[in-house]
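The numbers here are math on the coordinates, done by the rules we state, and not lab data. Keep in mind that what you see is a predicted model, and the values were worked out from it rather than measured. Positions of Cβ are generated from backbone atoms using ideal geometry, with glycine treated the same way; all protein chains shown enter the neighbour counts.
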Amino acid sequence: MQSPPTPHSSSKYHHPYFTPAEVEYLSIKQRGKLSVTQEDRVRQNACAFLESLGARIGFPRRTVATAQNLYHRFHLFFPRKDFNYVDVSLASLYVSTKMHDTLKKPRELLAVSYAIRYPDLVAKSKHPGGEIDIDSMDQQIVERDRQRLLSIERLLLETVCFNFTSRMPFPYVIKLGKTFGASKKLTKLAWRLTIDCHRTLVPIQYPPHIVALANLYVAALLSSFEQPIASDPGTRTPHEIAAILGKNGDWESKYQAQVDDLEGIAHTMLDLLVQGVQIATLNNTSPRTPSSPSPHPSPRMPHPLMETLASSVPYNAEQLTRLKIQMRQTEHEPRPRQPLGSADPSALYSGDDVGLLGRSEGTVRFLFGPAGAGDDF
């Protein structure tokens, strides 16, 4: 009698950051028939939904930001057409609560999500806080949603190789602001830009200190472009900070950063701001805009946070576009970035690596470091 074949053994390596080429390759692969604009709309809907959930529950910023990062990472490996963004968002937030010790049970997250997604149920609720009694709902529906959340949680854990390490850029914003002599106003703007930065793929492409440095650079650009020079005693002007970070200097070796990386992130953030300014302008001019915001924001609409940030920027879309054009005239040639470890990105993501996710056949070793990272030790 022939013995059954021995299950194969394989390894999957954790990649804390991806190069822009890797992100582009994987995004095209998982986008399917969606256009780039449609994909970005779904991404913004998911991030807005997470913002709404986090605000209602009172999660700290690190929990919401990590959940957004997990959502972005998930769809580098799994097709968008196979998953509803609400389900992936809930699972991402659930995993993030574990990573930051702000744990909530799946049923608690579902209850808050129902209040956001179904405002008609909130209107019928007798709870003074506008919450929905999940026990009064169809328990088959609730259990089905809970099981779907837990199944996606497993896939999310595999995408990060069960690595619960999470480093945030927010502490770096404060430290770098003090180091560069930025005013409190400028540092606050950089902080808010860093919050909205998690609506993009930037935090899964760059380490947190580079993300923080880039948003300080963007804040300085926004506060200096076509603006008069004004300084607070004991601080550098935004013009000075923008000039320092906009060209090569000793700061690059000191902070292990490159000026072309900052410029690339700056363009991404300016594009996001243009979108936010356009939305804010549309809402302010629309005759359907209510006089006061709805207490039940829809996950399909951009979160007010981005609109608030956009309204604080003293520019319209045309001026932001002029800033982008001026940057293009003096910016540096982007250097080629190699993937972490020794694997070639086209070979690494040809299907073998992704095929290990969500499968039970054989033995899969999930390793915290990228392939080849420890070969020299």
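Which order do peptides 319-326, 111-118, 249-256, 208-215 fall in by mean Cβ count within 10 Å, highest first?
Averaged packing, sorted descending, gives the order 208-215, 111-118, 319-326, 249-256.
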- prompt: Rg to Rh ratio, the range 10-159, alpha-carbon atoms and Kirkwood radius?
  reply: 0.99
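Could you sort the peptides 86-99, 136-149 by per-residue average Cβ neighbour count (10 Å cutoff), highest mean leading? Present the calculation step by step, with values, prior to reporting the outcome.
Values: 86-99: 22.9, 136-149: 13.8.
So the order, starting with the most tightly packed, is 86-99, 136-149.
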query: Peptides 42-54, 21-33: what's the order by average Cβ count within 10 Å, highest mean first?
result: 42-54, 21-33
- prompt: Placing +1 at every Lys and Arg Cβ and -1 at every Asp and Glu Cβ, with all other atoms neutral, what dipole size does the range 146-234 have around its Cα centre, in debye to the nearest 20?
  reply: 300
- prompt: When the Cα centres of the range 34-75 and the range 253-267 are compared, how far apart do they sit, in Å?
  reply: 25
